[in-house]
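Below is one structure; the comments refer to it alone.
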Amino acid sequence: MLDLTHVRAQFPAFSEPTLQGQAFFENAGGSYTCRPVIDRLTRFYTQRKVQPYAPYAASEAGGAEMDEARSRLARLMNVAPDELSFGPSTTANTYVLAQAFRRFMRPGEVIIVTDQDHEANSGPWRRLAEEGIKIREWRMNPRTGHLDPADLEALLDDDVRLVCFPHCSNVVAEINPVAEITALAHAAGAFTCVDGVSYAPHGLPDMDALGADIYLFSAYKTYGPHQGLMLIRRALAEALPNQGHSFNGGSLYKRFTPAGPDHAQVAACAGIADYIEGLAAHHGVSAAEVSGLMRAQEIALSGPLLDYLAGRNDLRLLGPAEAEGRAPTFALALDRPGAELAAALAPHGIMAGGGDFYAVRALQALGVDPARGVLRLSFTHYTSEAEISQLISALDAVL
């Protein structure tokens, strides 16, 4: 069992006086930051805010912390350190990747995208149609939001070079079978690009188990600073054209970072590894087993909320109704705008969001008016049972 008292002690937000009585249910937009990340960021800005990798102590320490972040996070996700790149955001990283594929592919070749995606892993690829690259859409079930791998098989042929899909959608929240989908794509000779932004906060990816060629997620939604993390397997990274400075083309992790890295935030990302490894040590498990503890806590907390939502006939829950098959992100379509409902919840101490969450295509495919949007309630493993009860009481009052 996850020791929630220990977990919450690692997040300064839970002891912050201005946040007392407020239950945070917009984790899908950005999680609370763990103390090791804050401590590392503070130390870098106060002791090491110099150009790294120069031959003096403060610079050497700064460069070493940046290298530490890359190597420790890579180890947790089963990739080589130089297969991990940092960028300003997942959206920016995806745009850079799309530019690399624009030069890598020939006109007439195909990229498959879904209508379940957040715009970050859809829009940059769709724009390549202007360059003569064909775009095929793998569509979800308009009632359930489910992406059926059998439907993907019908879209695959020798012209497909890349399949882009989410590990889970930021509004549908169903956890897609990445390994199965990747196997289908590989059998057809295609690469896969997985948007893990909405999944990684609930368990860092094991790239060996998933088999994906590219995996992207956001550190600021995974207890860290505002950075986008991009995992690209070596064979593909070496085949794609360099997008960085010409003299950095020989360095795998610099090939897809055309801008200079944010030294302090990259270094602070090592705090994510501190946090996960600290949880492992506290619970007497391996770092790889921590995600199982997190998911068990999330599933247990999702049960009462799902039961409550199922008992109402004035809302539509997007995605699965079972906790085991989804991330704890609950998008609710009602007869009132999502933003209006989020505002109504605020006086009850509920911090939530409403809108389209850049998932306009997904909402349209599900028959939801993006202008009205949805009320989104999202949490992660540090949420408490008392906060779930507070949310349900607030929903009762508002709905």
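The values are calculated or read from the model by the stated rules, or taken from the named source; none is laboratory data. Please read these numbers as outputs of a predicted model, since none were measured by experiment. Backbone-built Cβ (ideal geometry, glycine too); neighbour counts: all protein chains shown. Only protein heavy atoms, including side chains, enter the accessible area calculation; ligands, DNA and RNA are left aside. Shrake-Rupley method; radii C 1.70, N 1.55, O 1.52, S 1.80 Å.
Assorted remarks:
- Within the span defined as segment 266-275, one or more residues are assigned to a loop (DSSP other than H, G, I, E, B) and either buried (at least 19 other Cβ atoms within 10 Å of the Cβ) or assigned by the TED database to the domain that holds residue 74 (or both).
- Where a residue in segment 197-216 is under 15 Å from residue 85 (Cα atoms) and its partner, wherever it lies, is open to solvent by less than 20 Å² (accessible area, probe 1.4 Å) and acidic (Asp, Glu), with Cβ under 9 Å and at least six apart: 207/83; 215/195; 216/195
- Top-ranked residue of segment 62-102 - restricted to ones that are of a type in the set (Gly, Ala, Ser) and touching a strand residue (DSSP E or B) at 6+ places or on another chain (Cβ under 7 Å), ranked as farthest from residue 277 (Cα to Cα): 92
- So residue 181, is it under 23 Å from the mean Cα position of the chain (by Cα) and open to solvent by 40 Å² or more (accessible area, probe 1.4 Å): no
- Odd one out for residue 59, checked against (1) open to solvent by less than 70 Å² (accessible area, probe 1.4 Å); (2) closer than 30 Å to residue 383 by Cβ: (2)
- Residues satisfying the stated conditions in segment 189-209, i.e. open to solvent by 30 Å² or more (accessible area, probe 1.4 Å) and either within 16 Å of residue 236 (Cβ to Cβ) or charged (D, E, K, R) (or both): 189, 191, 206, 208
- Qualifying position, being within 16 Å of residue 171 (Cβ to Cβ) and either assigned by the TED database to the domain that holds residue 147 or of a type in the set (A, V, I, L, M) (or both), among 332, 293, 301: 332
- Just one residue in the set 215, 220, 253 is of a type in the set (Ser, Thr, Tyr), within 30 Å of residue 38 (Cβ to Cβ) and not in a helix (DSSP H, G or I); that residue is 215.
- Selection count, segment 217-232, where residues are farther than 21 Å from residue 278 by Cβ, of a type outside the set (S, T, N, Q) and buried (at least 19 other Cβ atoms within 10 Å of the Cβ): 4
- Test: residue in segment 18-41 that is open to solvent by less than 80 Å² (accessible area, probe 1.4 Å) and touching a His at 6+ places or on another chain (Cβ under 7 Å): no
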